[in-house]
Amino acid sequence: MKVDILFSVVIPTYNRADKIKRTIDSVLQQSYRIFEIIVIDDGSTDNTEEVVLAINDKRIQYHKIVNSERAVARNTGMQLAKGQYITLLDSDDIYYSNYLFEAAISLFKYNNPPFFHLGYEVKDELNGTSKKINRLKNDDFFILIKGNPLSCMGIFIAKKITDTFKFNENRMLSGSEDWEFWLRLTANFGIKTNNKVCAALLQHDDRSVLSYDHFKLYKRKELAISNAFKDDKVKEVYGKYMNQIDSYADTYIALHLAMSKNKKYAFKYLLSGMRKYPLSFFSRRTLSIFRELIIR
Amino acid sequence: MCGIAGFISIPKNYTEKQLVSMTDLLTHRGTDASGYFFDGFCGLGHRRLSVLDLSDAGKQPMFSACGKYAIVFNGEVYNYKEVAQELNIVQKTGTDTEVLLEAFILKGPDFVNLLNGMFAFVIYKLDESKIWIFRDRVGIKPIYYFYDGLNFVFASELKAVKSLLEQNQTLKINKHAINSYLHLGYIEEPNSIYENISKFPSGHYAELSNNQSLKFTNYWNLFTKINDEIDSFEEAKDKLKYLLFSSVNYRLISDVPFGTFLSGGVDSSLVTAIAANISEKKINTFTIGFHDKSHSEAEYAAKISKSLGTDHHEMILSEKDSIQLLEDIVGVYDEPFADTSAIPTMLISKFARQHVTMTLAGDGGDELFMGYGAYQWAKRLQNPFLNAFKQPIGGFLSSLPQNKYKRAAMLFKYDNEANVMDHIFSQEQYLFSENELHTILKNKDTNLLTYGVPFSLVDKSLKPEEKQALFDFKYYLKDDLLVKVDRASMKYSLETRVPLLDYRIVEYSFGLPIDYKLKNGESKHILKSILYDYVPQELFNRPKRGFSIPLVKWLKNDLGYLIEDYTNTQIINKYDILDSDAVQLLVKQFLAGHDYLYNRVWLVIHLHMWLSKNA
C-alpha cells in the first residue's frame, strides 16, 4: 500500500510569463510537500524561461519544446514524471494550499485509484464571482455525457497507466482533447472524486474574447467522439448514451457559436442537438444559449 | 537514536577527558559506538545506537561536506529523504544526520520546520565557535543544559550535565521544583531539580555565539496551530486515518528488527493494527501483565494480537522484578519522578529489547482524543451549580467512608479558579493538592505553583475539557509520559517511536470538535471508529485500565520497609523539606485504610530516596 505519494505536477505553458510565477508559487506553498513540478514550455516567445528559472526551488524542472499542442506538452510532462500520480495545472490557474494533501487523503482512502478528481472552482477575477465544481459522484459516467465539468483541473492520473493512456495529439482535436481523454479513462477505470474545493481555474478578460469557426467546432466534435469510441471500453460503457453525447456536443457547439454571435449556426446546432435528444432542451446550457442570443 | 553530550566554554574550563566521561554516562542510550570532537573551546560527545545505516558512515560527531560544521544528534527524522530531495542534497551516507546538517547549512536554523520526527541536536560552527541547539516540536527527545554566560553544557540526560558541573561547583536544589514534584509528580520544563540546570524547551531552537545570551526561537507552538475549520465526521475520519497511516509508515523506516508495545488498550492496538497493515513482514508485539488480574490487560492483548496475526510475546511480571526497579527509578530519572508506571515501562522495554531494537508505542492518544477521566471532571467543575456548592459537596463526600468518595471530595476542594487544571490533575493522580501542600511543606510556601497555558493564542473557543487536555499536552505528556518512555526504553538501548504524536496529528486532533472525541460518555470516539475497521469491536468492550502497578498492595506488604526507611521522623527532619508531623499523620491514615493516599505516601518515599542518594 502506498501511503505517501510523490506527485508530479505537470504545467504546460505558452507565453504566460506574467502569470506562471503565481501558479508555481501556489504549488510551492502546498502543505503536502512531496512533489515535483514539471514545466513544459510549449515554445514560448516571451520571457517565461527566465521567470521559471528565477524561482529557486530544486523541485522545479523546466523543459522547452517546439511549439505544438497542449496535448503534446501534457504528454511530454506525463512521460517525464517520476511520481506515482500526475496532476495537471494550467499556467494561469492556482491550487489552494490543501490541494495535494486532500488528494493524498482520497487516493489513500480509495486505495490508489487510476483516475481521480478533486473539486475546484471557476473564478472570474474581474467580477469576483465563482462557480464551484463540487458535486461529482464516484464512478458517475453521466459526468461526461453532458459536457466536461472536469475541465483539466483537479485531475489525478496514476503514472502506471500513462504508458497506454495519453492525450490524443491531433491538432484538430484541440479544445476537446481533455474530454476525449476523460471518456477513455472513466470507461476503463471509473473515477473517484473528492468534492472539497482545492483549486481555482481563473478566468481573465482575455478568455472572453471569443471567436469560433463552426466548421472547426464540428470537426472537433466528430473527431473527439470517433476517437474515443475506438476504445472498446468506451463503446461498452458509453455506447448506449451515444445520442445524448452527440446531442450535448451539438448544444455545446451552439453555445460557443452563440457566444461569438453566430446566430444562424447557433440555432442550427441547437436544433440538431434537440433532434438527437429532445430532453437536452431542458438543460442549463439551453438557457445560456438563449441568454447569449437574445439578451446580450 | 542515541545519547549526546558536550559543552562550549570560552574560558576553556573543560577537558577532552571530561567530555569522554560525561558522554560515557549515556552509554546505555547507545551501545554500538562512541565518538568525540574537542577543539579546546567546544566538546561534542556521542553514543550511538545504530538504527539507520548501520555502517561507520553514520558515525558522530559528523562533519559537513564543507568541513565547517559538526553535529551531534539524538533521535530520528523520518522524512529526511524528502527533505534531501526538496533541497537537492546528494547523500553520501544513508543517515538522517547528514541531511540535517546539510539542510541547516543551506536554509539556516528555520530549516527545522521541514522536519518530521523526534530530535535533539546540536550544531557547531567550527571557525566562529558558534552553536545551535534544536529540540523537536512536542518534546519527545530530551536535552538538558546549563549556561552561565561563559560556559554552556548540554546532554540528553541530566546526569551527564550534573557530573560535569559537580566537579567545579555545588548544585543547589530548586525548591519550586520540589513543590511541583509534590503537586504533579514530575518537574515541568524548563525547570529541573537543580537551580541552574534547565530542560531545553520543546518546539524551540537556540543560537549561542561567544558569550552572549542564548537566543531562543519558538519555531512551533501548538496553540497557534489549532485549526477550527470543521470537517464532517466522515471527512475527519478519512483525514485522520490517512495521517495515522502516514505517520506509522514513516516510523517503520528502520534497518533493524522492530515491534510494537501492545497493552490491549485503544491507542496501542490502533498503532499495532496500522503497522501490521503496512508492514510486509509479520510484526512483533510485546505485552506484560501482572498476576493480579485487576491490573492486567494481557489476556486482551493476546486476543488482539491473534486477530491481527502478529508474533506475540508476553511476559507476566513477578513482584520481585518490579520491586527491585522501584529503587532504580532514582538513578534512571535523575530527578524526583513519581510516576511508578515507569516500572512496567522499563520491564517491557527490557523484554522487547531481547527481540528488537525499535518499537512503536501508543502514547499521546489520551491527551489528543479525550481519554482521561480528568476531562469529565473539568466539565463537572465548571457546572455552575456544582461550582457554587463545591465546599458543602466536598465536605459531604469526605464524610463518606469509601475511598472513592474521599478522592472525589478532594476534587471539590480548591480555592483558586486559575489553578483548577493542575488541581484536577493532582487529584486524578492522587497527589498533593495545593491546600495539602500548605500542611505538608515545612515552609508552607506554595505561591510558586502556577502553570500557565497560552489559551489566548488559540483561534477557537475552548471547552473546559479541551483546556484540561491542552494543559496535559503542555505538561503531563511532555514532562512525565515522554520522559518516562524515553528514559525507560533508553535504559535498555531500545528506541521507541510514538506515531500518535506526529505533529500533523497533534495539530489536527486539537482542532476537531469535541463531540468527535467524546460521544455519549464514550472517549476517543473517532479513534475507535478507525480502530474497529481493523479489529473487532468486541475486544474493546471493557473499562479502561491504566498501565499501573498494584502499589497500594505492595506498600502494605513487601514494600512496607520503604515506608519505614523513608518517612521516619529522622529522615524527614534531616532534609527539612516536609513537616514531620504531617508526614506521620499521612502515613498513619494510609495504613489505617485510607488507600487513596497511596501515591502521596509514595511521593514522600521517593523524594527522600532521591535526596538520600543525591543531596
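FYI, it's all coordinate maths here, none of it is from the lab. Values in this document were obtained by computation on a predicted structure and should not be read as measured data. Every residue, glycine among them, receives a Cβ derived from its backbone with ideal geometry; neighbour counts consider all protein chains shown.
Overview of values
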read-out: Anisotropy class of segment B:246-291 from Cα gyration tensor, a/c 1.5 cut; value: prolate
read-out: Kirkwood Rh, angstrom, segment B:2-220 [1 / mean 1/r, Cα pairs]; value: 17.4 Å
read-out: Taking chain B and dividing mean pair separation by its residue count, relative contact order in percent (alpha carbons under 8 Å, at least six apart); value: 15 percent
read-out: Where only C-alpha atoms are counted, convex hull volume of segment B:327-418 per residue in Å³; value: 173 Å³
read-out: Under 19 Å from the Cα of A:K233 - aspartates and glutamates, other chains or at least 8 residues apart; value: A:D139, A:D140, A:D163, A:E177, A:D178, A:E180, A:E222, A:D246
read-out: Karplus (6.51, -1.76, 1.60) ³J(HN,Hα), θ = phi - 60°, over segment B:271-282, in Hz, Gly and Pro reported as x; value: 4, 5, 4, 5, 4, 5, 5, 7, 5, 7, 8, 5
read-out: 14 Å beta-carbon shell around A:F141, net charge (K/R +1, D/E -1); value: +3
read-out: DSSP bridge pairs, chain A: antiparallel proportion in percent, nearest 5; value: 35 percent
read-out: Distance between segment B:388-435 and segment A:10-79 - C-alpha centres, whole angstrom; value: 64 Å
read-out: Amide H within-cut-off set for A:I133, under 5 Å, with H built and near neighbours excluded; value: A:Y120, A:E121, A:V122
read-out: Amide H within-cut-off set for B:L578, under 5 Å, with H built and near neighbours excluded; value: B:K442
read-out: Percentage relative contact order, segment B:405-466, counting C-alpha pairs under 8 Å, at least six apart; value: 24 percent
read-out: Overall Cα dimensions of chain A, principal axis frame, Å, largest first; value: 54, 42, 35
read-out: HN-Hα J in Hz across segment B:557-568 - Karplus 6.51, -1.76, 1.60, θ = phi - 60°, x for Gly and Pro; value: 10, 4, 8, x, 4, 5, 4, 4, 5, 10, 10, 6
read-out: Normalised contact order of segment A:7-206, rounded percent, pairs of Cα under 8 Å and 6 or more residues apart; value: 27 percent
read-out: Translational diffusion of the protein assembly as shown, µm² s⁻¹ [Kirkwood Rh, Cα pairs; Stokes-Einstein; 37 °C; 0.692 mPa s]; value: 106 µm²/s
read-out: Note, ³J(HN,Hα) from phi for segment A:190-197, Karplus 6.51, -1.76, 1.60, rounded to Hz, x at Gly and Pro; value: x, 8, 9, 9, 10, 8, 5, 6
read-out: Violating pairs (Cα-Cα greater than 18 angstrom) within the set B:K463/B:K519; B:K12/B:K172; B:K282/B:K491; A:K58/B:K107; A:K58/A:K82; value: B:K12/B:K172; B:K282/B:K491
read-out: Compactness of segment B:275-433 - radius of gyration and Dmax, Cα, Å; value: 20.3, 60
read-out: Semi-axes of the equivalent ellipsoid for segment A:214-295, Cα gyration tensor, largest first, Å; value: 24, 14, 8
read-out: 5 angstrom amide H check on A:D4, placed H, neighbours 5+ away; value: none
read-out: Greater than 27 Å apart at Cα, pairs in A:K240/B:K239; B:K241/B:K303; B:K241/B:K281; value: A:K240/B:K239
read-out: Ascending count of other beta-carbon atoms within 10 Å, so fewest first, for A:Y32, A:Y99, B:Y144; value: A:Y32, B:Y144, A:Y99
read-out: Translational diffusion of segment A:128-258, µm² s⁻¹ [Kirkwood Rh, Cα pairs; Stokes-Einstein; 25 °C; 0.890 mPa s]; value: 155 µm²/s
read-out: Rg ratio (alpha-carbon, reference 2.2 N^0.38 Å) - chain B; value: 0.95
read-out: Bridge type composition, the protein assembly as shown - antiparallel percent by DSSP, nearest 5; value: 60 percent
read-out: Cβ-based net charge around A:A81, under 10 Å, with every Lys or Arg adding one and every Asp or Glu removing one; value: +1
read-out: Cα-Cα P(r), segment B:468-615, percent of pairs per 10 Å interval; value: 8, 25, 28, 22, 15, 2
read-out: Qualifying trypsin sites (Lys or Arg not before Pro) in segment A:96-136, DSSP loop, other Cβ atoms within 10 Å at most 13; value: A:R135
